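Here's the structure, in structure tokens; my notes come after.
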Amino acid sequence: MTRTNDQYDEALISCRLIFTKKAADYGTSWRVLRMISVVDQMYIKARRIRTIQELGRQRVGERIDDEFRGIVNYAVIGLIQIDLGSDSLEDMEGAAVEDWFDRKAALARKTMQDKNHDYGEAWREMSQESFVDLILMKLVRIRQILANDGQTLVSEGIDSNLIDIINYSLFALILIAEGNQPG
């Protein structure tokens, strides 16, 4: 499990670095995004990965691993927006943005550790295609929850689905870094 924790942290650090650099470039312009827009941004990235997987080629130079990093970062944005709402145009300071990222990432990491304990790291035997399909399924679920005014009867909420999306994406990045899947 120590190896997984280290690999997880390394993949997460690569996401955080992009997140903070984009915050330096653009500020926190993403604060205006409603949850459906955050979901749609992740959907676009996951659909692109799936299309590349199915066609076996791509025309745009952005790599699959960069798309997974983007999905992680948008899922973190979604978790932040759940807490703060999307009605503010006020820009957040760099330290505050980093703090929010770290808190949401820590929540996802704890969930990963708990599930890895119970599932025995079954994700290591999964295909990249399965990660993408599961991410797309979670996004469809979130859309349905939003259509139900954020309410569920017995299912996990939006936050749990976003945490799973973060973890599936980070697992894919780990397997790409190991050379077990295309990146």
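The values are calculated or read from the model by the stated rules, or taken from the named source; none is laboratory data. Owing to the predicted nature of the structure, the values given are computational and were not obtained by experimental measurement. Because the Cβ atoms are built from the backbone with ideal geometry, glycine has one as well, and the counts that use them run over all protein chains shown. Just the protein is used for accessible areas: all its heavy atoms, side chains included, with ligands, DNA and RNA removed. Shrake-Rupley method; radii C 1.70, N 1.55, O 1.52, S 1.80 Å.
Assorted remarks:
- Of all residues making up the range 31-81, the number that are assigned to a helix (DSSP H, G or I), at pLDDT below 95 and closer than 22 Å to Gly157 by Cβ: 1
- Entry remark, the range 96-121: residues being open to solvent by 50 Å² or more (accessible area, probe 1.4 Å) and aliphatic (A, V, I, L, M) number 2 in total.
- For the range 99-140, residues that are free of Cβ contacts under 8 Å to residues at least 40 places away in the same chain and either of a type in the set (Phe, Trp, Tyr) or in a loop (DSSP other than H, G, I, E, B) (or both) total 3.
- For Ser155: the one exception among (1) without any contact (Cβ under 8 Å) to a residue 12 or more places away in the chain; (2) of a type outside the set (Val, Ile, Thr); (3) under 24 Å from Met35 (Cα atoms); (4) part of a loop (DSSP other than H, G, I, E, B): (1)
- Residue match in the range 131-139 (condition: open to solvent by less than 40 Å² (accessible area, probe 1.4 Å) and among the aromatic types (Phe, Trp, Tyr)): yes
- Counting only residues that are charged (D, E, K, R) and either in a helix (DSSP H, G or I) or closer than 28 Å to Asn180 by Cβ (or both), the range 141-152 holds 2 of them.
- Filter pass, Arg31 being touching an Asp or Glu at 6+ places or on another chain (Cβ under 8 Å), in contact (Cβ under 8 Å) with a residue 12 or more places away in the chain and either over 23 Å from Ile142 (Cα atoms) or basic (Lys, Arg) (or both): yes
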